[in-house]
Amino acid sequence: MITEEAFMDIVALHRQGHSIRFIAKKLGMHRNTVKKFIEGRRFPAYDRGKRGISILAPFVRFILDWLSQDDYRASWVFEKLKQIGYQGSYDTVKNFIRPIKKQQARLAYLRFETSPGLQAQVDWADFQIAEPNGKTSTLYLFILVLGFCRAIYAEFVRRCTLESFLDGHIHAFHYLGGVAAELLYDNMKHVVIRHLVGRVNFNPELLHFAHHYGFTPKACPPYAAWVKGKVERPVDYIRESFWRGYQFSELETANQDLRQWLDTVANRRIHGTHRQPVIERWQQEKPRLGALPLTDYDTSLKVFRKVYKDCLVSYETNRYLLPHTVVGKQVLLKVKNSTIHFFDDDRLLVSYAKRRANISSSAIPRSTKHSRPTVSRTNASTATSRPRPPGDCPSARSFHR
């Protein structure tokens, strides 16, 4: 069984036009393995077997911190680790450090240029707002920059959630006219779960998102923020050229003003590196970007809940009434934009406006605590699954006797 990261490498190399033989040789796999995943186009099945944890895992952060300060030898690191409780072998330490040192040796502080359609860089930034009451609140900026032309897409959000992060990508892809072959990130929690020896363990949701849009995620080496200079510098540019002196009123207005500034100023400027108008290079890069899929990725929060005998489902201390036909089943909840959609497999059962978490919910009788649907179905196929009132649910009748 191959890893999800190896699967993404297969897809990326195949998309670049390489043969199965070439991919197998480059990745050290059997040709039949490569062929199976190219033809199947599906992620490797999740292995639920218990995986061993490296004895070095609790000490990785110490090692990375030391190596970021100086080019320490593996023997020096090994001695330091023993002082703080490490009981493994020297070879384990040496084998972990070797690829890190090789990577650091390849890093250069010189600016590098990318070919059209090859790379985009992504980041978050925070912007402070002075409220009328004297308090300070924070807005977050999602920003994506194309590497060749330096065209920028950016938007403000209230919270740095995975949903807003993926939505920002989708908006950027549509605004910029396509998808770069690879997207470069730092080690933010939405992207990287952890660094392993010689490879990165990416967030599975991001990998599925990347597979849907046909790009390969790349993570910067730890403590190497300069690698993402093409997106770091535009953040400073936005702070100075757009945000300084801006009178913030509300989020929607700020994003409208930011979009207008991108259209009329940022993406029409003559860039200081390539000395050409960004919009002209953008037009050169658009044909090299990957095409957008027919449908966008579903970025809603997805959770499963069991439907109890009273036809109710609990979510964040609130209870929602579902049809009696799904009692005892696990149903899928998709939460987005303050609305919860309930699904039985791929069939929409009902939708509700999301309620605030009710701290005292346990003190309220279950028979009077249900929510009513607020979003109606529009086709006949779902009309038959309208939720019954509590008295119609076989198990709920006992509460009304």
- Task: Report the convex hull volume per residue for the range 54-106, counting only C-alpha atoms, in Å³.
- Result: 71
- Label the range 261-358 by shape, choosing from rounded, prolate and oblate, from the square roots a ≥ b ≥ c of the eigenvalues of the Cα gyration tensor; if a/c is under 1.5 it is rounded, and otherwise prolate applies when a/b is larger than b/c, oblate when it is not. prolate
- Message: Within 14 Å, Cβ to Cβ, of SER249, how many net charges do the neighbouring residues add up to if Lys/Arg are +1 and Asp/Glu are -1?
- Response: -4
- Flagged as over-length at 30 Å C-alpha distance, from LYS135/LYS189; LYS26/LYS102; LYS309/LYS334; LYS25/LYS189, the pairs are LYS25/LYS189
- The summed charge of the LEU139 Cβ neighbourhood (under 13 Å; Lys/Arg +1, Asp/Glu -1) stands at -3
- Message: Please report the net charge: other residues with Cβ closer than 15 Å to the Cβ of LYS94, K and R +1, D and E -1.
- Response: +3
- Work out the charge dipole of the range 119-288 with +1 on the Cβ of Lys and Arg and -1 on the Cβ of Asp and Glu about the Cα centre, then indicate which of GLY214, ASN255, PHE148 is farthest towards its positive end. PHE148
- Taking the Cα atoms of the range 119-288, what is the range of coordinates along each of the three principal axes, in descending order and whole Å? 49, 39, 28
- Separation in nanometres of the label points that stand 7 Å from Cα toward Cβ, at ARG199 and ASP65: 2.8
- Rounded to the nearest 0.05, what FRET efficiency do LYS336 and SER75 have when you use their Cβ-Cβ distance and R0 = 60 Å? 0.70
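Only the coordinates and a few stated rules stand behind these numbers; no lab work does. Everything quoted here is computed from the prediction, not taken from an experiment. All Cβ positions, even for glycine, are placed from backbone atoms using ideal geometry, and neighbour counts span all protein chains on display.
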